[in-house]
Amino acid sequence: MDVQKILSAVACVFVLAACSKKSAESVFPENGALDSSACRGQAIENKFIVQWEDGSFTTETAANADEFKETFIKPQLDNIRHVDYDRVIQLQTSNEVRTTAFTDSWGQERIGAPSVWSQGIYGQGVKVAVVDAYVDVSHPQLLPRIAVNAGEIPNNGKDDDGNGLIDDYYGASFVSQPGSNQTPSSHGSHVAGIIAADSRYGSVEGVAPQAQIIPAQFISNDGGGSLGDAVLALQYSAKRGAKVINASWGGAPCVASLRNAFSELQRQGILVVVAAGNDGRDVDVYPEFPASFNMSNQITVAAASVSDFMTSWSNRGFNLVHVAAPGERILSTVPGNSIAYMEGTSMAAPFVSGTAALLWSAKPEATASQIKEAILRSVDVEAGHEFKVNTRGRINVEKALTTLRQLVP
Ligand SMILES: [Ca+2]
Ligand SMILES: [Ca+2]
């Protein structure tokens, strides 16, 4: 063996990336597997989710996978980490019962939020992204709580801050499915209101009524979305400075890109709160994604009833679901300057997101791991009706604040 060969062998040991056989096939493992039983959800055969070596994501189009491999992947192979087909996903919608204006804050009271508010802690200074369907930013209880993008001038048809998105002043839409309904949605608006409805301007009391909402929308008003749009919305939320991301959706198929997106959020110290789902199933046995990812920066949430039992329809799991939170008969904001009752784990997750915002406003220096630990260690566990979740309990923000003050003196 001559010197040249020895050197190159050594280089292969120490610089694996340079010598591993990276190819168009290795970065795009789903290529040619359109009908794989592991993948649910219809592949969009001309749209692709690309993760670059710096961790960022884009979505790209081409006539088909073969052309994409030849004209896009191969010329840029060194810079590409992973490629997936984009996929259509249909999200669960919740029942909605409109009501006249009165106050019903049983959930906020059950988790001890008024006691935290009385200490002057309202979630101020904390941004929470609502990665969901369209939020009605004109609702009087939501408008003052939207985190505007100060570098962007609204409604001038230009991308003033150069982030690639035109007029993303109140947030951004990544809804790309043809024919999708892009009007304000009850689901997105209700979730946003549970987190941060401004109680000075109406009867809904957000859990963190001075937190700021970043609307990052990828679900159309009829519940349709795509995996690639979800990944872009998550990435946008991080770039806009979200500390917490609320993900009240699930069932996403072919999860590699979504898991990679969650890993990036983990690396950036962002807490992601995920609804467990409404199928009445054990997600330890029947995984739902992203509910079952169990990332270290993730809290997956089941729905508790008014009587503080697990609702019959909530997903559960002693391993992969972490806590329960109020999810039945929840009053919050909906489009048209209205309020409505809705139910679902979609409503339970934002109670946890609001809780995280309250905790972070009390201890801005806390890490995502510390916020998660404080919430998980402080649940209320009722003997005789423990929740089928990892902690056995329902969240309590008053106790979590005490725990966090011990963790972060
Ligand atoms: Ca912009
Ligand atoms: Ca603009």
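The values are calculated or read from the model by the stated rules, or taken from the named source; none is laboratory data. Being a predicted model, the structure only gives us computed values, none of them experimental. Here the Cβ positions follow ideal geometry from the backbone for every residue, glycine too, while neighbour counts run over all protein chains shown. Accessible surface is based on the protein model in full, side chains and every heavy atom, while ligands, DNA and RNA are left aside. Shrake-Rupley method; radii C 1.70, N 1.55, O 1.52, S 1.80 Å.
Run the simple label-point estimate for VAL97 and ARG200 please: 7 Å along Cα→C-beta, distance reported in nm.
3.3
For VAL148 paired with THR71, estimate the spin-label separation in nm (one decimal), with each label point 7 Å from Cα along the Cα-to-Cβ line.
4.2
Add +1 for every Lys or Arg and -1 for every Asp or Glu among the other residues with Cβ under 11 Å from the Cβ of ALA211, and state the total.
Net charge around ALA211: +2.
Using +1 on the beta carbon of Lys and Arg, -1 on that of Asp and Glu, and nothing else charged, what's the dipole of region 96-407 about the Cα centre, debye to 20?
Using only the charged Cβ atoms, the result is roughly 680 debye.
So if I average 1/r over every pair of distinct C-alpha atoms in the chain and take the inverse, what Kirkwood radius in Å does that give?
21.8
Would you mind counting up the charge near SER115? Only other residues with Cβ under 10 Å from its Cβ, with Lys and Arg at +1 and Asp and Glu at -1.
-1
If packing is taken as the average count of other Cβ atoms within 10 Å, what order do 318-328, 275-285 fall into, highest mean first?
318-328, 275-285
Pairs LYS22/LYS243; LYS21/LYS239; LYS47/LYS158; LYS22/LYS127; LYS239/LYS388: which exceed 29 Å Cα-Cα?
LYS22/LYS243; LYS21/LYS239; LYS22/LYS127; LYS239/LYS388
Hey, got the dipole for region 281-409? About the Cα centre, +1 on K and R Cβ, -1 on D and E Cβ, debye to the nearest 20?
That gives region 281-409 a dipole magnitude of about 200 debye.
First compute the accessible area of region 96-407 with a 1.4 Å probe, then give the percent of it belonging to carbon and sulfur atoms.
C and S atoms contribute 48 percent here.
With the cut-off at 1.5 for a/c, could you classify region 88-189 from its C-alpha gyration tensor as rounded, prolate or oblate?
oblate
Exactly which chymotrypsin sites (Phe, Trp or Tyr not before Pro) in region 87-163 are in a DSSP loop and have at most 13 other Cβ atoms within 10 Å?
PHE102
Quote the FRET efficiency, to the nearest 0.05, computed for ASN64 versus VAL306 with a Förster distance R0 of 45 Å and r equal to the Cβ-Cβ distance.
Rounded to the nearest 0.05, the efficiency is 0.30.
Gain in length, VAL381 to GLN124, computed as 0.36 nm per residue apart minus the alpha-carbon separation, to one decimal in nm?
So the chain would gain 89.6 nm between VAL381 and GLN124.
Fully extended, how many nm does the chain gain between THR183 and LYS239 (0.36 nm per residue separation, minus their Cα-Cα distance)?
17.7 nm
For region 91-196, give the magnitude of the charge dipole about the Cα centre (Cβ charges: +1 Lys/Arg, -1 Asp/Glu; no others), in debye to the nearest 20.
320
Just the number please: accessible area per residue for the chain, 1.4 Å probe, all protein chains included, in Å².
About 40 Å² of surface per residue is accessible.
How do the peptides 158-169, 227-238 rank, highest first, by the average count of neighbouring beta carbon atoms within 10 Å per residue?
Order by mean packing, descending: 227-238, 158-169.
Got a sec? What order do THR59, THR103 fall in by accessible area at 1.4 Å, biggest, i.e. largest, first?
Per-residue accessible area, sorted high to low, gives THR103, THR59.
Order these peptides, 375-381, 183-189, by their mean beta-carbon neighbour count within 10 angstrom, highest first.
183-189, 375-381
Near ASP159, within a Cβ-to-Cβ distance under 11 Å, what is the net charge of the other residues, with Lys and Arg +1 and Asp and Glu -1?
For residues surrounding ASP159, the net value is -4.
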